[in-house]
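First comes the structure, then the notes that go with it.
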Amino acid sequence: MPELPEVETIARGVNKWVRDDRIVDVWLANHPALFKTPATRQAKGLEGRVFLSVHRTGKHIVCELGPVLLAPRSKHVAQPVSDAQWIVHLGMTGRLLVTTPEAPVAAHTHVRLGLSSGRELRFVDPRRFGRLEFRDLARSEAFAASGAEPLTISSEEFASLFRGRRLPIKAALLNQTLLSGVGNIYADESLFHAGIRPRRSSGRLTKAELERLRLALRQVLEQAIRLGGSSVSDYVDADGVRGFFQLEHCVYLRTGLPCRRCQTPIRRILLAGRGTHFCPICQR
DNA sequence: CATTTCACCTGGTGGC
DNA sequence: TGCCACCAGGTGAAAT
């Protein structure tokens with residue numbers, strides 16, 4: 001489900017519900033591969049802490065956690081400092097949901113965090129490609145993405161990411177160490193809006209093409225965030241609500257359908273092991 | 001070093 | 001109905 005716009009939507013929704021809420025109960029399923037930090041240590045770390053805020057970095061949801069002993073926030077107390085982080089990557093099919101404890105537990109629910117407000121935060125992930133990590137900031141560095149943020153990157157920095165590289169531009173867009181947050185949907189959609197074929201060598205794009213791509217990517221991501229992300233199959237936000245950006249897709253999963261700009265059938269190829277969709281006329 | 005392929009998982013869809 | 005092939009929002013390790 002989750003690329004930058006979906007992760008941003010979920011992080012905002014979770015933040016709205018759990019800010020200032022305390023974790024009073026932790027249940028983790030027995031799927032060791034899900035937990036980058038061993039489940040026992042993760043459960044111990046989470047228990048009793050307060051959510052200070054929840055935000056997105058790349059495709060990661062970062063929960064800033066306060067110490068176990070923390071007075072309720074008041075006007076007279078300075079903003080508490082985060083001393084731990086819970087980092088959630090949703091993989092392909094992961095969801096974070098805020099529910100009541102009585103809500104039916106969906107299949108493939110792997111985490112349930114009971115909160116002092118009476119609500120519950122749940123992590124559900126059928127394919128189990130997601131990853132959960134706990135960081136004690138007294139012992140380890142705060143989480144930082146390896147790649148640049150596509151929403152705020154400058155022209156110069158964007159162009160320098162691709163200089164001297166021979167790999168296809170679509171493969172470069174998907175590489176999280178260059179840009180963080182772009183996945184298969186938004187790579188295909190931004191290349192369509194920039195008029196660039198996915199197989200073009202990234203190092204051979206002109207300055208003008210790179211700038212078109214940077215702006216197309218930013219616009220596509222911003223509009224997708226405004227529409228709550230793309231619900232291709234079962235993606236929903238933290239409140240269980242679907243997004244609407246799938247209605248705006250021009251190429252993604254539109255193989256054989258007429259191009260919205262020129263009516264030519266959209267083509268599908270395999271690139272970097274991923275289904276890749278483009279218009280053979282609009283994209284050169 | 002840069003780049004490509006594959007394994008990791010479950011579930012949905014469509015053909016026979 | 002069953003069985004099978006193929007496809008799906010991602011990524012890190014192994015191979016080239």
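Every read-out reported here was derived from the displayed coordinates using simple, explicitly stated rules and does not represent laboratory data. This one's a predicted model, so the numbers in the text were calculated from it and none came from an experiment. Note: ideal-geometry Cβ built from the backbone for every residue, glycine included; neighbour counts use all protein chains shown.
Any idea how far apart A:ALA142 and A:ARG261 come out in nm if each label point goes 7 Å out from Cα toward Cβ?
That separation, rounded to one decimal, is 4.0 nm.
Kindly state, to the nearest 0.05, the FRET efficiency for A:PHE244 paired with A:PHE129, given R0 = 30 Å and r defined as their beta-carbon distance.
0.75
Below 8 Å, C-alpha to C-alpha, sequence gap of six or more: please give me the relative contact order for region A:151-284 in percent.
24 percent
May I ask you to list the trypsin sites (Lys or Arg not before Pro) in region A:63-162 that are in a DSSP loop and have at most 14 other Cβ atoms within 10 Å of their Cβ? Can you show the working numbers first?
Numbers: sites: A:ARG73, A:LYS75, A:ARG95, A:ARG112, A:ARG119, A:ARG122, A:ARG127, A:ARG128, A:ARG131, A:ARG135, A:ARG139; in loops: A:ARG73, A:LYS75, A:ARG119, A:ARG127, A:ARG128, A:ARG139.
When the trypsin sites (Lys or Arg not before Pro) of region A:63-162 are filtered for loop state and at most 14 Cβ neighbours within 10 Å, A:LYS75, A:ARG127, A:ARG139 remain.
For helix A:4-18, report the angle its Cα long axis makes with the longest principal axis of the Cα atoms of chain A; keep it between 0 and 90° and round to the nearest 10°.
20 degrees
Work out Dmax and Rg for region A:155-278 from the C-alpha atoms and quote the Rg first, both in angstrom.
In Å, with Rg to one decimal and Dmax whole: 14.5, 44.
When DSSP assigns beta bridges and you keep just the ones with both residues in chain A, what percent turn out antiparallel, to the nearest 5? Could the numbers behind the result be given before it?
Working: 42 of 45 bridges.
About 95 percent, rounded to the nearest 5.
So what is the 222 nm mean residue ellipticity for chain A from helices alone, if each DSSP H run of at least 4 adds -39500 (n - 2.57) and you divide by all residues, rounding to the nearest 500 deg cm²/dmol?
Working: 6 runs with 68 residues, N = 284.
One gets -7500 deg cm²/dmol as the mean residue ellipticity at 222 nm.
What stretch of chain A, leaving out the sites themselves, is the longest with no GluC sites (Glu not before Pro) in a DSSP loop having at most 12 other Cβ atoms within 10 Å?
Counting only loop sites that pass the neighbour cut-off, the longest clear stretch is A:142-284.
Do you know the relative contact order of chain A, to the nearest whole percent, from alpha carbon pairs under 8 angstrom that are 6+ apart?
Relative contact order, chain A: 19 percent.
More than 37 Å apart: what percent of Cα pairs in chain A qualify?
Beyond 37 Å sits 20 percent of the P(r) for chain A.
Could you work out how much longer the chain between A:LEU270 and A:SER233 gets when fully extended? Use 0.36 nm per residue separation minus the Cα distance between them, nm to one decimal.
Once the chain is fully extended between A:LEU270 and A:SER233, it gains 11.3 nm.
Going Cα to Cα from A:LYS36, which lysines come in below 24 Å? Please leave out same-chain ones fewer than 8 positions away.
Result set, ordered by chain and number: A:LYS44, A:LYS59.
Whole number please: convex hull volume per residue, Cα atoms of region A:4-136, in Å³. Kindly include the intermediate steps, with their values, before the conclusion.
Numbers: hull volume 13.4 nm³, N = 133.
That works out to 101 Å³ per residue.
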